[in-house]
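For reference, the structure discussed in these notes is given below.
The values are calculated or read from the model by the stated rules, or taken from the named source; none is laboratory data. Since the structure is predicted, the reported quantities are computational estimates derived from the model, not experimental observations. Note: ideal-geometry Cβ built from the backbone for every residue, glycine included; neighbour counts use all protein chains shown. When the accessible area is computed, the model is the full protein with side chains, heavy atoms only, and any ligands, DNA or RNA have been set aside. Shrake-Rupley method; radii C 1.70, N 1.55, O 1.52, S 1.80 Å.
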Amino acid sequence: MGRRPTALGRLLRALGVIALLTVSLFPFYWMASTAVDPSPLTRGASLLPSGLTLEHFHTVFVRGDFLRYLQVSLIVALGTVLLSGLVALFAAVAVARFRFRLRTQVLIMILMIQMVPLEALVIPLFLQARSLQMLNSLLGLTIVYVAFSLPFAIWNLRGFVAAVPQELEEAAYVDGAGWWRMFRSVLLPLVAPGLVATSVFSFITAWNEFIVALTFMQDSDKYTAGVGLRTFFTQNTADWGAVMAASTVITLPVVIFFVLVQRNLASGLTQGAVKG
């Protein structure tokens, strides 16, 4: 039986939690408070805004037509989540259940791809997309984001598939189920937490990405939200109120999505990390 923490220990723990929350949440507070500040350019180091206004959000949605950028980002992000989840699940079943030549090498390659920095892939991907006539295409951008998401998704889901006892699958076969019925009724429900974890990762990857979207998209009607944020910057200055308001709008969907799935996300990440 462990010792009960002392009063000093509880105080230090509380101070640590407060410090962690302050460091983590202060950038979000500064962004949101600047978004409603009537005079963001003269705020300086003041912790409190000089007032409250929604004028910057009006500028973002009316003058900046930011809703169109959000729609493009949502289409690309949801497409990435669906495609990467589907492909990663079948790939995870393949590497976890089937024995084939070069299986270990395939797993090592998946890990190596995860280590390659994004900046090193931009130019090769641009040239390949141009040869395939997929530049300035939402489908082309979605395929690139799916490729970025797959290494982590496959590796994480592989742990879930490997952790499912094969006896359960064999019992389904004995009851007369085919492979698809076994997959839908036995395997898929058991790996669902892993799918949630990989979906969150894929969504954030596609929603926040900037460099590839800026390089691939040439038509302003197809800009994602991150690229559309540039419209509030000029050559010599920036409309910081509108920039912070647009950044707040970009952040909210990720926060809401994370809050909705955070319970399954935590269990998914931990189980996928220890099983395999």
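Mind listing whichever residues of the stretch 225-238 are in contact (Cβ under 8 Å) with a residue 24 or more places away in the chain and surrounded by fewer than 20 Cβ atoms within 10 Å (Cβ to Cβ)? Across the stretch 225-238, the qualifying residues are GLY226, THR231. Just to be sure, is GLY241 under 27 Å from LEU139 (Cα atoms) and surrounded by 20 or more Cβ atoms within 10 Å (Cβ to Cβ)? The answer is no for GLY241. The test for being at negative phi, of a type in the set (Val, Ile, Thr), at pLDDT below 90 and in a helix (DSSP H, G or I) does not hold for VAL146. For the stretch 4-21, indicate whether the set of residues that are of a type in the set (Ser, Thr, Tyr), open to solvent by less than 100 Å² (accessible area, probe 1.4 Å) and outside any helix (DSSP H, G or I) is non-empty. There is at least one residue in the stretch 4-21 that is of a type in the set (Ser, Thr, Tyr), open to solvent by less than 100 Å² (accessible area, probe 1.4 Å) and outside any helix (DSSP H, G or I). Looking at this structure, is TYR223 out of contact with any Asp or Glu (no Cβ under 7 Å at 6 or more places or on another chain) and over 18 Å from VAL93 (Cβ atoms)? Yes.
Only residues that are in contact (Cβ under 8 Å) with a residue 60 or more places away in the chain and either in contact with a Phe, Trp or Tyr (Cβ under 7 Å, 6 or more places away or on another chain) or assigned to a helix (DSSP H, G or I) (or both) were counted across the stretch 33-60, and they come to 9. Of all residues in the stretch 62-85, none satisfies being over 24 Å from VAL261 (Cα atoms), of a type in the set (Phe, Trp, Tyr) and loosely packed, with under 14 Cβ neighbours inside 10 Å. Any chance the stretch 91-107 includes a residue that's assigned to a loop (DSSP other than H, G, I, E, B) and either touching a Leu at 6+ places or on another chain (Cβ under 9 Å) or β-branched (Val, Ile, Thr) (or both)? No. The conditions are (1) assigned to a helix (DSSP H, G or I); (2) open to solvent by 40 Å² or more (accessible area, probe 1.4 Å); (3) modelled with pLDDT under 90, and THR215 fails exactly one of them. Which is it? Among (1) assigned to a helix (DSSP H, G or I); (2) open to solvent by 40 Å² or more (accessible area, probe 1.4 Å); (3) modelled with pLDDT under 90, the lone unmet condition for THR215 is (3). Only residues that are open to solvent by less than 40 Å² (accessible area, probe 1.4 Å) and closer than 12 Å to THR80 by Cβ were counted across the stretch 170-211, and they come to 9.
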